[in-house]
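Only one structure is covered here, and it is reproduced in the block below.
Every number here is computed from the coordinates shown, using simple stated rules; none is lab data. A quick note: this is a predicted structure, and the numbers were derived from the prediction, not measured. As a convention, Cβ positions derive from the backbone with ideal geometry for all residues, glycine included, and neighbour counts pool all protein chains shown.
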Amino acid sequence: AATLELELGSVEETELLGAQLAEVVERGDVIFLSGELGAGKTSLSRGFLRRFFADPELEVPSPSYLICLSYADDGPDGSPAGATADDAGGAKAAVSGRTLRPRGRARLPGVRVLHLDPYRLPEGRVAGLVDLQSAFETSVCLVEWPQRLGPQLCT
C-alpha cells in the first residue's frame, strides 16, 4: 500500500484534498487517515464526502462515538445502497453506526462510503462491529486511526 505524507496549511486545503481524492476513488478503495488529534482527518473526510455525493452542505460529524458512519444514496435501480444488519449477504458493515443519506447523487451510484474511527476501541475490536473484509471489498472506506484496526489490517 502506498503511503503519502502531506502537511496542509488550512482546513480549506485539507477539505480540497479530500474532494480531489473523491474524484479518483473506486469501489473497494480504502483510505487510511493517520495523524494526531486535530490533524484534519475528519476535515479531509468532510471534503471527500461532500464531493463524492455532490452535496456541499452535507453535515459530516466525526465518527468517534458511533465508530462507523455509512453514507449512501439510492442504488442505480432505486433501492437503498446501504447495507443493514442482515442484508442479503449477511454483512455487518455499518450496523454499529448510522446510515446517512446525502441530498446529492454519488459519483459512483450505489457505492456506499464508510467513515470509520476506531480510536475509542481496543486495538482490533472494530472487526467485531464491522465486517471489514466485506466493507473493504464493496464500499469506499475512510478510516481514521487505522492503527487501531490491528497490525494485520494496516500492513
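Observations, loosely collected:
- Sum of side-chain charges, residue 20 neighbourhood, beta-carbon under 14 Å (Lys, Arg +1; Asp, Glu -1): -1
- Potential extension, residue 5-residue 59 segment - 0.36 nm per residue separation minus Cα distance: 16.8 nm
- In this structure, the amide hydrogen of residue 139, modeled 1.01 Å from its nitrogen in the peptide plane, lies closer than 5 angstrom to those of 28, counting only residues at least 5 positions away or on a different chain.
- FRET efficiency, residue 66 to residue 137 (Cβ-Cβ, R0 30 Å, nearest 0.05): 0.85
- In this structure, the amide hydrogen of residue 99, modeled 1.01 Å from its nitrogen in the peptide plane, lies closer than 5 angstrom to those of 70, counting only residues at least 5 positions away or on a different chain.
- The range 100-145 shape via C-alpha gyration tensor axes, a/c threshold 1.5: prolate
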